[in-house]
Structures are given as C-alpha cells and as structure tokens.
Amino acid sequence: MPEIDINNDPCAEGVAIVIFGVTGDLARRKLMPALYENFKHDRLPSPFYIIGFARRSWSHDKMRDVLKQGVMAHGRTRPIQEDLLQKQLENAFYVESTFQDPEGYVKLDQMLKRLGVKNTLFYLATPPGQYATIVENIGKSNLETCPDGWRRIVVEKPFGRDLETAESLDHKLHSVFSEEQIYRMDHYLGKETVQNILAFRFGNGIFEPLWNRKYINHIQITMSETEGVGTRAGYYDKAGVIRDVFQNHLLQLLSLTAMEAPAVFNAKAVRDEKVKVLKSIASFSQEKAIANTFRAQYVSGTIDGKRVASYKDEVDVAPDSTTETYLAARLFVNNWRWAGVPFYLRSGKRLPRRMTEIAIQFTQVPLSLFGQRNLAEEAPNVLVIRIQPDEGITLYLGAKVPGNVMMIEPVKMRFSYLEAFGGEPPEAYERLLLDSLMGDATLFTRSDEVEEAWRITQSIMDAWESQDLSNLPIYEAGTQGPHGAEDFIKDDGCFWRSI
Ligand code: BG6
C-alpha cells in the first residue's frame with residue numbers, strides 16, 4: 001500500500017467516522033479491523049474518533065468490546081497489539097438511536113461538537129433499506145455540511161436492486177449530498193490486485209500494443225466462491241448473482257480491463273474512461289439476453305471433503321426459490337478496440353475453489369510449424385491476472401520440450417505478490433477507508449457508472465422475467481458448475497478455464 005501521510009492533510013485534523021449500523025457484521029469483520037490496521041501504521045489523523053450509531057441498547061464499553069473482538073478475530077496482521085487497540089478504542093463512542101428518530105441525530109451532532117470534530121465520514125453499514133431514512137435525517141439535521149470542515153458519506157453496495165431503485169437512491173443521496181461527497185464502495189476496487197490491473201496496463205509499454213481485438217481472442221473473468229449464502233440468505237435470495245456481484249464487481253473488473261488510458265490519473269479521468277466502456281456495452285434484447293446468459297442453482301454436494309446443503313435447504317431461502325447462485329454471461333464492448341471480442345463473465349457460490357481471475361486469451365499463431373501435435377494450440381497464450389488468492393500474474397507460453405523432437409508444451413511465467421513484495425496485500429477496506437478520508441474518489445464508483453451498470457443488468461433481468469424457471473438448471477456443490485454453461489462459449493470455439 002502506498003504510504004499516505006494523512007497527517008499532512010491540513011483539513012484532516014480532528015476526524016470522525018460515524019458508522020451507522022455499527023452493531024452489524026460489517027463493522028466487526030471489516031471496518032474495525034481496517035481502522036485498526038491503519039491506526040497501527042500511523043495512517044489515521046489524530047485525533048480520530050469512531051462513533052457507532054445503532055438501535056441496540058449498548059454502552060460505549062459494550063461497543064468497544066464488540067469492536068475489539070472483531071479485530072481479535074479478523075485482524076490481518078498478527079499478533080494483534082492489544083494495548084494499541086485499547087488506545088484506539090478510547091476514542092470510540094456509541095450513539096443509541098433508531099435511524100428514524102431525529103433525536104438520535106441531535107445526539108450525534110452534540111457528540112461531534114463536544115469532541116471538536118469538524119471533518120466527518122458517515123458510513124452506511126446498515127441494510128440498504130435504511131439508507132434513504134439515514135440520508136434524509138442527516139439532511140434534516142444539517143449534518144451534511146460543516147462550515148470549516150468536510151463531510152462525506154460512504155455507501156456500501158447494493159446501490160438499489162434495479163435501475164429504478166438505484167436512480168431513486170441516487171436522487172435521495174443527491175438531495176442531501178453533492179456527488180463529490182458521495183463515496184460508493186465496491187470493495188473489489190480496493191483490492192491491490194485490482195488496482196494492479198491499471199499499473200500493469202498503463203505502467204508497462206509491452207502490453208498496450210497487444211491489448212485489442214487484433215491480438216486478443218477473448219477474455220474470461222471468473223469469480224468463484226466455495227461459500228454458500230451463510231447468514232445472508234434473506235438478502236441473497238432476493239438478489240442472486242446478477243445483483244450481488246455481476247452488476248458491480250464483475251462489470252468493474254471488465255471496465256478496468258477494457259478501458260482506455262486516462263489522460264491523467266485522477267478520479268475524474270479514470271472514472272470517465274470506465275463509464276465509456278460500460279456505455280459501449282449495448283443493452284440486451286430479450287432474445288440476446290437469453291442466448292448470452294446462463295444461470296443455475298446449486299444442490300448439495302461436497303466441498304473440501306465436507307457435505308454441504310442444497311441452496312433451497314439453506315436457512316431463510318424459500319423452498320421453491322428460483323434464485324440463481326451461478327451466472328455465466330457473454331458481453332461485447334462495442335468500440336474500436338474491442339469490437340467482436342467476447343468477454344465471458346461467470347460467478348457462482350459453492351464452486352470447488354475460491355478464486356477470482358481475469359484471463360486474457362491471445363490469438364493463436366497463424367500457422368502451426370511444429371509437428372502433428374501442437375500443444376501451444378491446445379493451450380494458447382493466456383495472461384492470467386490472479387486477483388485472489390495467490391495474488392499475481394501468470395503468462396502461459398508454449399516452450400520446447402527438451403529432446404530430439406520439436407514438441408511444444410505449455411509452461412508458465414509467474415509473478416507472485418507474496419514472493420515479490422514479501423507479504424500478502426492489504427485488505428481492500430484499509431485502502432478504501434483511507435481514500436475516503438483523504439477525499440480521493442478514484443477507487444469508488446460514480447453515479448453514472450452505477451447507472452450504466454444497472455442499465456446493462458436491468459436488460460438481462462427484464463428478459464429473464466419471461467423465462468420459465470420450473471426447470472432452472474442445477475449444479476452439484478463442489479463441481480465446476482452447471483452443464484450448459486459452456487454452450488455459448490463452446491459455440492465460439494472456446495472453453496472455460498478450470499476453476
Ligand atoms: C460481496 C458479495 O460483495 O462480495 C458476496 O455480496 C461475496 O456475496 C463477496 O461473497 C466476495 O468478496 P471477496 O472479497 O471475498 O471476493
């Protein structure tokens with residue numbers, strides 16, 4: 001992580017993060033461990049306050065204790081320095097209130113004033129159904145501005161559940177905050193390896209000439225998970241892969257892979273280029289959506305030697321649910337660089353391995369010179385950006401097998417984060433929290449990006465409406481996914497990479 005000296009930012013003095021929904025999982029598992037890590041590396045301004053806001057009847061100490069347990073369980077670098085954590089939590093306070101109650105916001109305002117805090121980052125870590133109420137109440141209490149400080153808001157995905165609700169959320173946010181104050185969090189953008197897509201593409205001269213339809217046959221973006229829906233079934237059953245990760249993480253990875261070089265490296269220029277990519281993807285007609293997407297649901301199977309239940313048997317999933325837990329899609333970016341190059345995207349729960357990667361498959365040699373069996377053709381040049389785990393980049397090449405015949409075998413050139421930089425990359429939340437405190441929105445999604453991503457997603461969801469799901473394809477947990485998901489990719493003469 002680049003060292004950001006937030007103490008040099010004159011506006012950063014006396015900063016608070018206000019976590020709405022501090023009693024939930026996100027605060028404990030992600031936000032507090034990231035804040036601790038940043039504190040430990042002296043990256044936070046001083047003084048820095050953590051203010052939790054939620055309905056439960058907690059004391060300051062109770063909140064401190066729960067947040068501490070969160071760091072103990074989920075902190076990244078070990079051992080956890082308990083005395084340091086204790087010191088950080090001395091500046092943590094709790095406001096007990098429902099999100100509807102105006103009194104709660106008065107208490108919050110008083111607390112900020114008492115602590116002498118001007119610069120405040122509001123963080124919506126609540127279920128999305130609460131976003132509008134909180135934003136409205138922030139507005140009514142005039143907390144969104146401070147004459148001699150800044151006020152910003154971080155909004156966690158999902159940003160709406162379709163185009164219409166996304167627009168209405170945006171409208172609500174803009175009725176109180178300006179776009180510059182809004183930080184829409186897609187945690188994939190905070191992953192080091194995802195940022196490295198930009199460094200790799202625009203910091204090296206050798207790939208750019210190849211990065212187009214002339215030399216690239218197709219691109220596969222895979223996000224596979226071994227986990228099921230866990231305790232989130234209530235949300236997931238209404239979302240499915242399409243809302244949960246396609247509309248955001250997968251389309252973001254696609255944008256970063258396909259975008260043009262920005263004129264400069266700043267939030268506006270980078271996001272302008274990403275939006276252009278999304279704008280170049282046409283909305284699907286009904287027929288095209290059906291032909292270019294494939295969805296399925298997992299049934300019981302075995303993962304890592306353990307038997308896991310069918311999706312329909314998970315707690316809080318409707319027994320007749322037709323929600324997809326697997327989605328594969330083929331998209332085209334209709335611009336001069338990419339016309340005709342398929343982008344295959346897929347994601348699923350309960351697949352055999354947790355893995356996210358972008359595989360760029362280059363075109364074959366025009367003519368095979370080496371004997372009958374040319375393995376370079378069977379295993380072509382592929383550049384794989386390994387987002388997680390085992391973060392790094394691999395280039396698959398054909399090389400001569402030693403011996404007296406000209407036989408080509410696929411070999412790998414590997415760059416590994418762990419080997420090169422000696423340690424695992426930092427957590428996405430560490431970087432994104434710092435960026436939002438610094439006022440750098442480059443790694444956050446802008447309203448037009450979200451809207452474009454929903455436009456594409458909505459066209460698929462609309463087409464799906466007419467599909468009979470009584471025979472929704474299934475796949476056994478722990479397998480490579482459903483039969484049939486390879487059809488459209490096979491028709492193009494390509495194959496899914498193994499998960
Ligand atoms: C979240 C999705 O955004 O990303 C989850 O809601 C998914 O369903 C998660 O499991 C995956 O994130 P990561 O960082 O573990 O790949």
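For (1) surrounded by fewer than 21 Cβ atoms within 10 Å (Cβ to Cβ); (2) under 24 Å from the mean Cα position of the chain (by Cα); (3) within 16 Å of VAL15 (Cβ to Cβ); (4) without any contact (Cβ under 8 Å) to a residue 24 or more places away in the chain, each residue gets a yes or a no:
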site	(1), (2), (3), (4)
ALA27	no, yes, no, no
ASN38	no, yes, yes, no
SER59	yes, no, no, no
LYS62	yes, no, no, no
Mind listing whichever residues of the stretch 146-179 are at pLDDT 95 or above, crowded, with 19+ Cβ neighbours inside 10 Å and in a loop (DSSP other than H, G, I, E, B)?
PHE177
Which of the residues spanning the stretch 423-455 are more than 16 Å from the chain's Cα centre (by Cα) and acidic (Asp, Glu)?
GLU424, ASP440, ASP448, GLU451, GLU452
Considering only the stretch 298-330, how many residues are assigned to a strand (DSSP E or B) and within 25 Å of the chain's Cα centre (by Cα)?
7
Limited to the stretch 406-423, what total is found for residues that are part of a helix (DSSP H, G or I) and of a type in the set (Asp, Glu)?
1
Going through (1) of a type in the set (Val, Ile, Thr); (2) free of Cβ contacts under 8 Å to residues at least 24 places away in the same chain; (3) surrounded by 22 or more Cβ atoms within 10 Å (Cβ to Cβ) one by one, ILE221 fails only at (2)
Kindly provide the set of residues from the stretch 141-185 that are small (Gly, Ala, Ser), closer than 18 Å to ALA441 by Cα and in contact (Cβ under 8 Å) with a residue 24 or more places away in the chain, ordered by number.
GLY149
Confirm whether THR293 is more than 16 Å from the ligand (Cβ to nearest atom), surrounded by 22 or more Cβ atoms within 10 Å (Cβ to Cβ), of a type in the set (S, T, N, Q) and in contact (Cβ under 8 Å) with a residue 12 or more places away in the chain.
yes
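Residues checked against (1) touching a Leu at 6+ places or on another chain (Cβ under 9 Å); (2) in a loop (DSSP other than H, G, I, E, B); (3) not acidic (Asp, Glu):
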site: THR193; (1), (2), (3): no, no, yes
site: ILE197; (1), (2), (3): yes, no, yes
site: ALA233; (1), (2), (3): no, no, yes
site: THR257; (1), (2), (3): no, no, yes
site: GLU260; (1), (2), (3): no, yes, no
Filtering the stretch 197-243 for residues that are over 19 Å from ILE358 (Cβ atoms) and within 16 Å of the ligand (Cβ to nearest atom) leaves a count of 17
Within the stretch 466-477, is there a residue that is within 16 Å of the ligand (Cβ to nearest atom) and within 26 Å of LEU331 (Cβ to Cβ)?
no
In the list VAL264, VAL275, which residue meets the criterion of being surrounded by fewer than 22 Cβ atoms within 10 Å (Cβ to Cβ), away from the ligand (no atom under 16 Å from the Cβ) and either under 18 Å from the mean Cα position of the chain (by Cα) or of a type in the set (Ser, Thr, Tyr) (or both)?
VAL275
Kindly evaluate THR442 against the criterion of being within 23 Å of LYS274 (Cβ to Cβ), of a type in the set (S, T, N, Q) and away from the ligand (no atom under 16 Å from the Cβ).
yes
Among the residues of the stretch 54-84, count how many are over 30 Å from ASP101 (Cβ atoms) and assigned to a helix (DSSP H, G or I).
6
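The values are calculated or read from the model by the stated rules, or taken from the named source; none is laboratory data. Just so we're clear, the structure is a prediction, and the values are computed from it rather than from any experiment. Counting neighbours? That spans all protein chains shown, and the Cβs are built from the backbone with ideal geometry, glycine included.
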